[in-house]
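Colleague: First, the structure itself, so that you have it in front of you.
The values are calculated or read from the model by the stated rules, or taken from the named source; none is laboratory data. These numbers were taken from a predicted model, which means no experiment stands behind them. Here the Cβ is made from the backbone with ideal geometry for all residues, glycine too, and neighbour counts use every protein chain on show. Areas reflect the complete protein model, heavy atoms only, side chains present, ligands, DNA and RNA absent. Shrake-Rupley method; radii C 1.70, N 1.55, O 1.52, S 1.80 Å.
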Amino acid sequence: AAMSFSFAVWNVEKFKYNPQRVRAVGQLIANHSPDVIGILEFLDKNAARRLVRSDHLADYDFAFTDSTRSIEILVGWRRGKFDQVLYTQRRELQVGNVNLRPGGLLSVLPKQQGAFTNFLFLHTDSGKDAQAFANRKLMFDKIWSLRDRLAALPEQDGAARLVALGDLNTMGQTNGASAAEEIAALEQAAHANGMRVLPKTHAHTWSSDGKRKSNLDHVIASDE
């Protein structure tokens, strides 16, 4: 059956509590009205709490990833939209480093369907040094492993129905692979593992004062 719901992911970047910003973020989400939400990069737990309590998001339930430092990813879903919702924090995405962010896996069972659709919200290691570049590769490998495990579950009937999405920080490596080459390698790895990087309407998804622009945010979907 075709997917009968919408989803969104947004890196709000170093989100700290500010009443105007909480209202603006809540209003923009309400305007788009997605059924599943992932909001990345909270640096302030109070900001996250204020956001989930805002009138704009009164129809959603929420879960958080929680690292050693702060809440990093807020995951939400529209109350009553799905027959069942499961949330698990995926610490394997930290690849053994407590300073990296875990993934947030939201599994939703659409009404009148027997298999879950799984959303893995990610915020991978940032940096162009060799270690950060290597960590991202390890994190991407965890996506393919999770796809295989989900597809093997009896209720999934061989179909992982996995969407991995978020800020994947594909910025390349200093004196190594360029950003474009890292993205191309990600596309090839996805294809080899029964997934694909979805096309986008805008290549540059991050900018600094409109000057430096980067292609960091991606949606990767399993072939089914």
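Colleague: Check whether at least one residue in the stretch 165-185 is in contact with a strand residue (DSSP E or B) (Cβ under 9 Å, 6 or more places away or on another chain) and without any contact (Cβ under 8 Å) to a residue 40 or more places away in the chain, and report yes or no.
Modeller: Yes, the stretch 165-185 contains at least one residue that is in contact with a strand residue (DSSP E or B) (Cβ under 9 Å, 6 or more places away or on another chain) and without any contact (Cβ under 8 Å) to a residue 40 or more places away in the chain.
Colleague: Can you find a residue in the stretch 60-69 that is at pLDDT 95 or above, open to solvent by less than 60 Å² (accessible area, probe 1.4 Å) and either farther than 30 Å from Q113 by Cβ or aromatic (F, W, Y) (or both)?
Modeller: Yes: one or more hits.
Colleague: Determine whether Q112 is touching a residue at least 60 places away in the same chain (Cβ under 8 Å) and either among the β-branched types (V, I, T) or open to solvent by 50 Å² or more (accessible area, probe 1.4 Å) (or both).
Modeller: yes
Colleague: Which of (1) over 27 Å from G114 (Cα atoms); (2) at pLDDT 95 or above; (3) not hydroxyl-bearing (S, T, Y) does N46 not meet, given it meets every other one?
Modeller: The single condition N46 does not satisfy is (2).
Colleague: Another one. Residues being closer than 15 Å to A8 by Cβ and crowded, with 21+ Cβ neighbours inside 10 Å: count how many of those fall in the stretch 27-56.
Modeller: Selection size over the stretch 27-56: 6.
Colleague: Just need a number here: residues in the stretch 1-46 that are among the aliphatic types (A, V, I, L, M) and touching a residue at least 60 places away in the same chain (Cβ under 8 Å).
Modeller: Number of matching residues: 5.
Colleague: Restricting to the stretch 166-196, name every residue that is over 27 Å from L105 (Cβ atoms) and surrounded by fewer than 15 Cβ atoms within 10 Å (Cβ to Cβ).
Modeller: Listed by number, the residues that qualify are T174, N175, G176, S178, A180, E181.
Colleague: Cβ-Cβ below 6 Å, separation at least six or inter-chain, first residue in the stretch 85-96 and over 21 Å from V36 (Cβ atoms), second among the hydrophobic types (A, V, I, L, M, F, W, C) and open to solvent by 60 Å² or more (accessible area, probe 1.4 Å): which pairs?
Modeller: Between residues of the stretch 85-96 that are over 21 Å from V36 (Cβ atoms) and residues that are among the hydrophobic types (A, V, I, L, M, F, W, C) and open to solvent by 60 Å² or more (accessible area, probe 1.4 Å), the close pairs are V95/L138.
Colleague: Please give the number of the condition L165 fails out of (1) under 19 Å from V197 (Cα atoms); (2) modelled with pLDDT under 95; (3) aliphatic (A, V, I, L, M).
Modeller: Tallying (1) under 19 Å from V197 (Cα atoms); (2) modelled with pLDDT under 95; (3) aliphatic (A, V, I, L, M), L165 fails exactly one: (2).
Colleague: Which of the residues spanning the stretch 151-164 are buried (at least 21 other Cβ atoms within 10 Å of the Cβ) and either farther than 15 Å from L186 by Cα or free of Cβ contacts under 8 Å to residues at least 12 places away in the same chain (or both)?
Modeller: A160, R161, L162
Colleague: Restricted to the stretch 84-106, and to residues that are loosely packed, with under 15 Cβ neighbours inside 10 Å and hydrophobic (A, V, I, L, M, F, W, C), which residue is nearest to L122 (Cα to Cα)?
Modeller: Residue satisfying both the conditions and the ranking: V98.
Colleague: Here's something else I'd like to know. What is the residue count in the stretch 197-207 for residues that are aliphatic (A, V, I, L, M) and open to solvent by 50 Å² or more (accessible area, probe 1.4 Å)?
Modeller: The number of residues fulfilling the criteria is 2.
Colleague: Take R136 and tell me if it is of a type in the set (D, E, K, R), under 17 Å from E92 (Cα atoms) and surrounded by fewer than 14 Cβ atoms within 10 Å (Cβ to Cβ).
Modeller: So R136 does not fit the description; no.
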